[in-house]
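The values are calculated or read from the model by the stated rules, or taken from the named source; none is laboratory data. Since the structure is predicted, the reported quantities are computational estimates derived from the model, not experimental observations. All Cβ positions, glycine included, derive from the backbone under ideal geometry; neighbour counts span all protein chains shown.
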Amino acid sequence: MLEGLVLGTIFATIILFLVLFLAWRFRAVLIFFWHEKILVSFVNFLSGMSKEERILSWVKEHAMAGNPQSVLDAIDYYCYNTEWAMNVGDIKGVIMDRIVEEAKPRVLLELGTYCGYSAIRMARLLPPGARLFTIEFNESFASIASQMIQLAGLQDKISILKGSTQEIIPQLKKKHEISTVDLVFLDHWKDRYLPDTQLLLESGLLRKGSVLLADNVICPGAPEFLQFVRGHPRFQCTHYPATVEYLRMRDALEKAVFLG
Ligand SMILES: C[S@@+](CC[C@H](N)C(=O)[O-])C[C@H]1O[C@@H](n2cnc3c(N)ncnc32)[C@H](O)[C@@H]1O
């Protein structure tokens, strides 16, 4: 009887420590799940608005119309101080700025628009005549992005293509008269990075010197994509360590230049 009680207590203690250890080990995932799935749904219910509508409303109140930098600053301020959101953010944004300035793209393609933060960030650096096409399959995100881009005054440089990347990439040549792209920013769901890179290659959209720039290659990570471009003789890769947008967790951008 006493023996059973002792064994039961030891077993319960081991389980308790295991649960605590797992909670500590995966605390970032738990905090993220709590914030994004529970807290945000509760605030949405109370405010009658989505998180993205709240970001837009903040930007409308605090940014200067026609000034892209003030739109970016307002989004960053809101996401640091009020609600986290999946924009590329200011830390990785500075790295992106440098890569866009070096590549001097005339035709830029973005996979994953969300609220338009990275599209505005890249388009503000483009010379007259250069174009940015950004693909988004979520109708309400596309609508928020369109208003954000309008507010930044960049509507003549950015076109939002509504639909999935797998459906739109093969149509880019014929339907949108794009012969090749100079820079592609991959920032959609991570399991699409590799198939969409292959689709870009198959569709003949990459030329010698085209740059692929991929976000979140560490967190949440895109291992198949990294393995493919790093092991491919026709890509030359550079890794840019950084942190997850608005958080201190480790992340990185990967640049893969197509050698033709
Ligand atoms: C991380 S967010 C993009 C953030 C944005 N690039 C920025 O930094 O401001 C990813 C977006 O990709 C969109 N998305 C995911 N998979 C997609 C696909 N296969 N086709 C089109 N859009 C996709 C999601 O709806 C989401 O809005």
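GLY112 meets all of the listed conditions (1) in contact with a Phe, Trp or Tyr (Cβ under 9 Å, 6 or more places away or on another chain); (2) modelled with pLDDT under 95; (3) within 16 Å of the ligand (Cβ to nearest atom) but one, namely (2). Of the residues making up the stretch 243-260, just one is at positive phi and surrounded by 14 or more Cβ atoms within 10 Å (Cβ to Cβ), namely TYR246.
Summed over the stretch 144-165, the residues that are of a type in the set (S, T, N, Q) and within 12 Å of the ligand (Cβ to nearest atom) give a count of 2.
Here VAL211 meets each of (1) closer than 23 Å to GLU101 by Cα; (2) more than 9 Å from the ligand (Cβ to nearest atom); (3) part of a helix (DSSP H, G or I) with one exception, condition (3).
Residue-wise test of (1) more than 29 Å from PRO241 (Cβ to Cβ); (2) in a helix (DSSP H, G or I).
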residue: GLN69; (1), (2): no, yes
residue: TRP84; (1), (2): no, no
residue: ILE99; (1), (2): no, yes
residue: LEU109; (1), (2): no, no
residue: CYS115; (1), (2): no, no
residue: LEU132; (1), (2): no, no
residue: ILE160; (1), (2): yes, no
residue: LYS174; (1), (2): yes, yes
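Restricting attention to the stretch 185-203, the residues that are within 12 Å of the ligand (Cβ to nearest atom) and outside any helix (DSSP H, G or I) total 5.
The residue list ALA123, ALA119, ALA63 contains one member that is more than 26 Å from LEU201 (Cβ to Cβ) and at pLDDT 95 or above, which is ALA63.
Considering each of GLU177, GLU245, GLU254 in turn, give the residue that is modelled with pLDDT under 95 and within 24 Å of ALA130 (Cβ to Cβ).
Only one candidate passes the filter, namely GLU177.
For every residue, the table says whether it meets (1) over 24 Å from LEU213 (Cβ atoms); (2) away from the ligand (no atom under 11 Å from the Cβ).
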{"site": "LEU39", "(1), (2)": "yes, yes"}
{"site": "MET64", "(1), (2)": "yes, yes"}
{"site": "PRO68", "(1), (2)": "no, yes"}
{"site": "GLY93", "(1), (2)": "no, no"}
{"site": "MET122", "(1), (2)": "no, no"}
{"site": "LEU126", "(1), (2)": "no, yes"}
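Restricting the stretch 215-242 to residues that are closer than 10 Å to LEU194 by Cβ and touching a residue at least 12 places away in the same chain (Cβ under 8 Å) leaves a set whose member that is surrounded by the fewest Cβ atoms within 10 Å (Cβ to Cβ) is GLU224.
Restrict the check to the stretch 217-234 and report whether at least one residue is at pLDDT 95 or above and part of a strand (DSSP E or B). No, that holds for no residue.
Cβ-Cβ contacts under 8 Å between residues 6 or more apart (or on different chains), taken from a first residue in the stretch 199-212 that is assigned by TED's automatic domain parsing to the domain that holds LYS174 to a second residue that is among the polar types (S, T, N, Q) and part of a loop (DSSP other than H, G, I, E, B), are listed as GLY204/THR180; LEU205/THR180; LEU206/THR180; ARG207/THR180; SER210/THR180.
One residue stands out among those in the stretch 53-67 that are part of a helix (DSSP H, G or I) and in contact with a helix residue (DSSP H, G or I) (Cβ under 6 Å, 6 or more places away or on another chain): the one that is nearest to VAL43 (Cα to Cα), which is ILE55.
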